[in-house]
Amino acid sequence: MSFWKCYYHIIWATKNRQPIITPAMETILFAAAHSKSEELRCSILAINGIADHIHVAVSIRPALAVGDWIGQVKGASSHALNLAFDDLGIKFRWQEDYGVVTFGAKNLPLVLAYIEGQKEHHLSAALQSYLEQIEE
């Protein structure tokens, strides 16, 4: 097997930035993301978010395009949420856009800490705009 270390920080939001992700939904969402990522032979290193978007630090193998990983994880997680929460009154959907930045192993602890502290960062407005960007 070839050696590789490819790290990505990825962010995407709910359709129309609707603040609908609850703690109960996070459990299903995060489990679906981990399951799909493992199926794709990729490793989620951290995942967290707030009511209208999520952040993921992930190591994606070079044979898989980043956009393909994102599409499959978004699809699997929205499908799981719609099955588990069929009483929402609306179909759970993600917006099409997403943000991706790469980072090296040296910055891994910083990115992981940023993702793990998402709820606190948003409450205190201590955000890193570079890691929050979805659109140009």
> Contour minus end-to-end for ASN107 and GLU136, with contour as 0.36 nm per residue of separation and end-to-end as the Cα-Cα distance?
Replying inline: 8.1 nm
> Counting only pairs 8 or more places apart or on different chains, how many lysine pairs in the chain have C-alpha atoms closer than 14 Å?
Replying inline: 5
>> Compute and list, largest first, the equivalent-ellipsoid semi-axes of region 61-136 from the alpha carbon gyration tensor, each √(5λ) rounded to a whole angstrom.
In response: 26, 19, 12
> Once you charge only the Cβ atoms, +1 for Lys and Arg and -1 for Asp and Glu, what is the size of the charge dipole of region 1-91 about its Cα centre, to the nearest 20 debye?
Replying inline: 300 debye
> What is the pair-distance distribution P(r) of the chain, computed from all Cα-Cα distances in 10 Å bins starting at 0, with each bin given as a whole percent?
Replying inline: 12, 46, 34, 8, 1
>> Under 20 °C and 1.002 mPa s, how fast does region 23-76 diffuse according to Stokes-Einstein, given a Kirkwood radius computed over C-alpha pairs? Answer in µm²/s, whole number.
In response: 189 µm²/s
> Taking θ as phi - 60°, what are the ³J(HN,Hα) couplings along region 16-21 by the Karplus curve (6.51, -1.76, 1.60), each to the nearest whole Hz, with x for Gly and Pro?
Replying inline: 6, 6, 5, x, 10, 7
> For the chain, what is the calculated [θ] at 222 nm in deg cm²/dmol (nearest 500), taking -39500 (n - 2.57) for each run of four or more DSSP H residues and dividing by its residue count?
Replying inline: -12500 deg cm²/dmol
> Under a point spin-label approximation (7 Å from Cα along Cα-to-Cβ), what is the ALA51-LYS5 distance to one decimal in nm?
Replying inline: 3.9 nm
> Can you give me the relative contact order of the chain as a percent, contacts being Cα pairs under 8 Å and 6 or more apart?
Replying inline: 37 percent
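None of the figures in this text is laboratory data; all of them are computed from the coordinates on show. From a predicted model like this one, the values you see are computed outputs, not experimental measurements. Cβ: placed from backbone, ideal geometry, glycine included. Neighbour counts: every protein chain shown.
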